[in-house]
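The values are calculated or read from the model by the stated rules, or taken from the named source; none is laboratory data. These numbers come from a predicted model, not from an experiment. Glycine also receives a Cβ, built like all others from the backbone with ideal geometry; neighbour counts cover every protein chain displayed. These area figures cover heavy atoms from the full protein model, side chains too; ligands, DNA and RNA do not enter into them. Shrake-Rupley method; radii C 1.70, N 1.55, O 1.52, S 1.80 Å.
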Number of protein chains: 4
Amino acid sequence: MSNVADWWKTAIIDMEPGRIELRGHPIQDLIGHLSFPEMIWLMVRGDKPTPAQARLFEVALVSAVDHGPQAPSIAAARMAVTCGLPLNNAMASAVNMLGDVHGGAGEQAVELFHHIEAHPAGLDIALNDWISEHGKIIPGFGHRFHTPTDPRAPRLMELVHEAIEAGACEGRYLQIAQRVEAEIAHRKSRPIPMNIDGATAVIFAELGFAPPLARGLFCLSRSVGILAHAWEQIQQGGRNKGPIPPGYLWTYIGD
Amino acid sequence: MSNVADWWKTAIIDMEPGRIELRGHPIQDLIGHLSFPEMIWLMVRGDKPTPAQARLFEVALVSAVDHGPQAPSIAAARMAVTCGLPLNNAMASAVNMLGDVHGGAGEQAVELFHHIEAHPAGLDIALNDWISEHGKIIPGFGHRFHTPTDPRAPRLMELVHEAIEAGACEGRYLQIAQRVEAEIAHRKSRPIPMNIDGATAVIFAELGFAPPLARGLFCLSRSVGILAHAWEQIQQGGRNKGPIPPGYLWTYIGD
Amino acid sequence: MSNVADWWKTAIIDMEPGRIELRGHPIQDLIGHLSFPEMIWLMVRGDKPTPAQARLFEVALVSAVDHGPQAPSIAAARMAVTCGLPLNNAMASAVNMLGDVHGGAGEQAVELFHHIEAHPAGLDIALNDWISEHGKIIPGFGHRFHTPTDPRAPRLMELVHEAIEAGACEGRYLQIAQRVEAEIAHRKSRPIPMNIDGATAVIFAELGFAPPLARGLFCLSRSVGILAHAWEQIQQGGRNKGPIPPGYLWTYIGD
Amino acid sequence: MSNVADWWKTAIIDMEPGRIELRGHPIQDLIGHLSFPEMIWLMVRGDKPTPAQARLFEVALVSAVDHGPQAPSIAAARMAVTCGLPLNNAMASAVNMLGDVHGGAGEQAVELFHHIEAHPAGLDIALNDWISEHGKIIPGFGHRFHTPTDPRAPRLMELVHEAIEAGACEGRYLQIAQRVEAEIAHRKSRPIPMNIDGATAVIFAELGFAPPLARGLFCLSRSVGILAHAWEQIQQGGRNKGPIPPGYLWTYIGD
């Protein structure tokens, strides 16, 4: 019979009636003593961050909460509530869209930094190898809207520098990211600055999060904006709100 | 042409190349200065909480992060990754399940508290009216597993008391909830104590969040556990993991 | 131990290695002998339709496959693939949006027809009772785009008449729907004709499907259009395609 | 302004008030004249199948509707309704799980057949190349439950033979699949027969569907079983039904 109880196994939570322990800590000892970012870290990794680590982790979570209703995810959340969906379903519809192209860039950027770190040759060859395998879009750099600079990235890099001084991290991935940024600028003869995905990827890599968690943590962060927009749309009302105003429909391109 | 740009309207975010403002604040002024819970509050409501409000808000977010793989949402997240889904899709699959019965109890509990507050007659009649409209399950009270007491609720109520002393809230909904708890105990001749949904509903009601936001904020909180479990399952591996071990299948109840 | 195998119970499928039976029929006896609509009917209801019932059922499924990218669901599917989601996730994102307001109108229309059928008073009072409980939008009638007439509804009603002659159904709900249509026209002094949701609701009600299945079967039908649009968008390409062209963004309505 | 109406482009649907054309056909001319599988084909591909093609296409759709509540997708649908989700959200939760490992095997099998077809060397080397790139699991062959034989596959292959005789297809991919089956049996010294994913992949490849559509069409097919199980679970009732019976919980594997 033990195989039934063994079917699901977790080191995250232990429980019996009247007792809940998360990562080995009674929940009543965590509530009121851990900040929300510290709780996120504890749940995902099993240990508690130092105060300096927690501070750096928190700024990454704060920085990516929203980029407006032009993002497919936010638009989806707003459309969903006009279809009558409650907030949980609207949020799910939106988070679902944070895929390889939308929310996955941070994950890819961490992978890129690891790839460069582990590559036996220099940056130039490492970058070429990456491009030949993954295509010419370098994850974490450049922004189609924010030219020349995504305002979130330099602010986050300031805070990475502070975190290095405070002992939260070593700066290894910051250096890699800066070298990538310089190399791309050199190749393109114009700056292609680090964007929000690159900046948060530096932080998550510095703090030792595996690449997929860069995407997972971005989902947590963007869920905040998703919730805010879905709730605002509920208050605005609207029924079956399509992407563009009703007068426009679409272009028929059949024969 | 203005109707196209008018089709989506928001007071949450304003943007032009190189500039992002959230609720009227340049994002670089928020990053590093606002905690993650303060950012959530700002995004959803438009203003910043006081420190005492932020502290109370944070404990509600911390308290509801996980209740184990027996919850359909967590099980869904874990099964999803064994189907090959990346974290965003696994998280969406799980958050989607936080519906009326699973994640909606907090929303219903806030509605119950508002209903009692606004009811012209006493608690007894107000509760009967609620039951005749919504059925006999009183949202926010009783727990099928945690008997006699859900350990999260008394800890949260301690912190509500501290928050009242610190001026974060008035205690109106705490009193209502305590009166409901006493009334149910009287009717059932045994304690049916406040559960996590009731406790967080007290907090969200005290802080002035509308009922649907109790569900939305629960989704943010539980997303943490969902992410942690999905990531743990990725590390454990498994392909197409069903709900129960392969040897059991199901019971066929056809003719 | 039996309670484990008893936890999931179904009359739909029975299975052992090398044997699959659906609703009591070995699957190899169904493949090639049942049409896809007959299989849908068998799976959902447990019995097989008569040929006349199958024909009427099929036209309802065929009629609702698509209404273009202005529908939030179709837009969501198309945006989803530009976020890098594969077809299953794109389809899920879209089907999720077929909520109370978008895909639920057929369910509500069947409920309305049942309500009128069961109401002890005449149509006039039955309709007023419905409106006082559910609001002034009568599900299944009127269309904000197709004025004066949704071309699908009269065609479907022709086929309902043929089905009555062929013995597939009695026409009870067709009559109710026609009386509702006449009553609304009388009240509004202009025609508010039956729409696709009303027309398919007539068919599903005539064939004895419970109201929630009107929504579920609509989801099956619209999944066809969702798949077609998602696939077309994959072929068109695009990355992170927002709802409106990049030049428009949105209107900021904050202070 | 034209770029707004140009933002969404489709050859699938053309529309103005009172007129809906799908793939160039007025919808009222399709309803009652096209079978549901013919409509699916028309929507996805733009042309109509021959009767023999439609018959072969239909058996693939019929064959994959369900494989029971042990499948994560079906379990998710059943759990979702016990969380209070209506059918659209339950169906979405389930379809979302038909990912690379669960619903994507058919897509991979079509890719495998195309890979072998296009490979300049013989089957042996082509298969080795596939394995070195994608791993040792050959999509479309072998079944962890149905030993020795998945009953759906031989029945579908019978119908492929009939379809070749009827001129629906040429049999090129049937031959490739049979050669793969023989090669794997030779390598493993025991039969690893074609499964449902391999069998439907043969059909979809024979009919000229691109690999991703094998997944998309599987989603349509399995949506039928998902709907049936979700509806059965609604009728059975249950609140917050977890994956295994409440008495078992899970195994805590923390320190």
**Message:** Test of understanding: among B:Gly99, B:Gly84, B:Gly68, which residue is in contact with a Cys (Cβ under 9 Å, 6 or more places away or on another chain), not acidic (Asp, Glu) and not in a helix (DSSP H, G or I)?
**Reply:** B:Gly99
**Request:** Return yes or no: is B:Ala205 in contact with a His (Cβ under 8 Å, 6 or more places away or on another chain) and modelled with pLDDT of 95 or more?
**Result:** yes
**Request:** For the range D:221-243, name all the residues that are surrounded by 24 or more Cβ atoms within 10 Å (Cβ to Cβ) and more than 18 Å from C:Arg23 (Cβ to Cβ).
**Result:** D:Lys241, D:Pro243
**Matching residues, the range D:55-65, being in a loop (DSSP other than H, G, I, E, B) and more than 7 Å from every other protein chain (Cβ to nearest Cβ)** = D:Ala64
**Prompt:** For the range A:150-182, how many residues are open to solvent by 50 Å² or more (accessible area, probe 1.4 Å) and either touching a strand residue (DSSP E or B) at 6+ places or on another chain (Cβ under 6 Å) or in a loop (DSSP other than H, G, I, E, B) (or both)?
**Reply:** 4
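Out of A:Ala90, A:Ala105, A:Ala185, I need the residue that is open to solvent by 10 Å² or more (accessible area, probe 1.4 Å) and either within 21 Å of the chain's Cα centre (by Cα) or within 22 Å of A:Leu56 (Cα to Cα) (or both). Which one?
A:Ala105
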**Asked** Across the range A:188-197, which residue is most open to solvent (accessible area, probe 1.4 Å) among those that are of a type outside the set (Asp, Glu) and touching a helix residue (DSSP H, G or I) at 6+ places or on another chain (Cβ under 8 Å)?
**Response** A:Pro191
**Prompt:** So which residues in the range B:75-87 are among the β-branched types (Val, Ile, Thr) and either surrounded by 24 or more Cβ atoms within 10 Å (Cβ to Cβ) or under 12 Å from D:Ser93 (Cβ atoms) (or both), if there are any at all?
**Reply:** B:Val81
**Asked** Out of (1) more than 19 Å from C:Leu30 (Cβ to Cβ); (2) open to solvent by 20 Å² or more (accessible area, probe 1.4 Å), the odd one out for D:Ala205 is which?
**Response** (2)
**Message:** Just the residues that are more than 7 Å from chain B (Cβ to nearest Cβ) and in a loop (DSSP other than H, G, I, E, B), please, taken from the range D:102-117.
**Reply:** D:Gly103
**Fill in**
Reported set for the range D:93-102 where residues are open to solvent by less than 10 Å² (accessible area, probe 1.4 Å) and hydrophobic (A, V, I, L, M, F, W, C) is D:Ala94, D:Val95, D:Met97, D:Leu98
**Within the range C:23-46, tally of residues that are more than 20 Å from D:Arg144 (Cα to Cα) and touching a helix residue (DSSP H, G or I) at 6+ places or on another chain (Cβ under 8 Å)** = 16
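Condition check ((1) more than 20 Å from the chain's Cα centre (by Cα); (2) more than 8 Å from every other protein chain (Cβ to nearest Cβ)) across all residues:
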{"position": "C:Arg144", "(1), (2)": "no, no"}
{"position": "C:Met157", "(1), (2)": "no, yes"}
{"position": "C:Ala163", "(1), (2)": "no, yes"}
{"position": "C:Ala201", "(1), (2)": "no, yes"}
{"position": "C:Gly208", "(1), (2)": "no, yes"}
{"position": "C:Ser221", "(1), (2)": "no, yes"}
{"position": "C:Gln235", "(1), (2)": "yes, yes"}
{"position": "C:Ile244", "(1), (2)": "yes, no"}
**Request:** Kindly check whether there is at least one residue in the range B:122-135 that is touching a strand residue (DSSP E or B) at 6+ places or on another chain (Cβ under 7 Å), more than 14 Å from chain D (Cβ to nearest Cβ) and aromatic (Phe, Trp, Tyr).
**Result:** no
**Asked** Which pairs have Cβ atoms under 8 Å, sit 6 or more apart or on different chains, and link a residue in the range C:154-165 that is closer than 21 Å to C:Ile192 by Cα to one that is of a type in the set (Ser, Thr, Tyr)?
**Response** C:Arg155/C:Ser63; C:Leu156/C:Ser63; C:Leu156/C:Thr200
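So, in the range C:120-149, exactly how many residues are in contact with a Gly (Cβ under 8 Å, 6 or more places away or on another chain) and open to solvent by less than 50 Å² (accessible area, probe 1.4 Å)?
Total satisfying the criteria: 4.
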**Item:** Hits in the range B:7-45 - residues which are under 26 Å from A:Gly242 (Cα atoms), touching a residue at least 12 places away in the same chain (Cβ under 8 Å) and assigned to a loop (DSSP other than H, G, I, E, B)
**Value:** B:Ala11, B:Ile12, B:Arg23
**Prompt:** Counting just the residues of the range D:27-43 that are within 7 Å of chain C (Cβ to nearest Cβ) and open to solvent by 10 Å² or more (accessible area, probe 1.4 Å), which one comes out farthest from D:Cys169 (Cα to Cα)?
**Reply:** D:Gln28
**Request:** Tell me, yes or no, whether the range A:5-15 has at least one residue that is open to solvent by 10 Å² or more (accessible area, probe 1.4 Å) and within 26 Å of B:Leu34 (Cβ to Cβ).
**Result:** no
**Asked** List pairs: first in the range B:228-255 and among the β-branched types (Val, Ile, Thr), second open to solvent by 60 Å² or more (accessible area, probe 1.4 Å), Cβ under 9 Å, 6+ apart or cross-chain?
**Response** B:Thr251/C:Ser2; B:Thr251/C:Asp6; B:Thr251/C:Lys9; B:Ile253/C:Lys9
**Item:** Contacts under 9 angstrom Cβ, first residue in the range A:114-133 being not assigned by TED's automatic domain parsing to the domain that holds A:Glu183, partner part of a helix (DSSP H, G or I) and open to solvent by less than 50 Å² (accessible area, probe 1.4 Å), 6 or more apart
**Value:** none
**Item:** Hits in the range A:67-77 (condition: more than 7 Å from chain C (Cβ to nearest Cβ) and out of contact with any Lys or Arg (no Cβ under 7 Å at 6 or more places or on another chain))
**Value:** A:His67, A:Ile74, A:Ala77
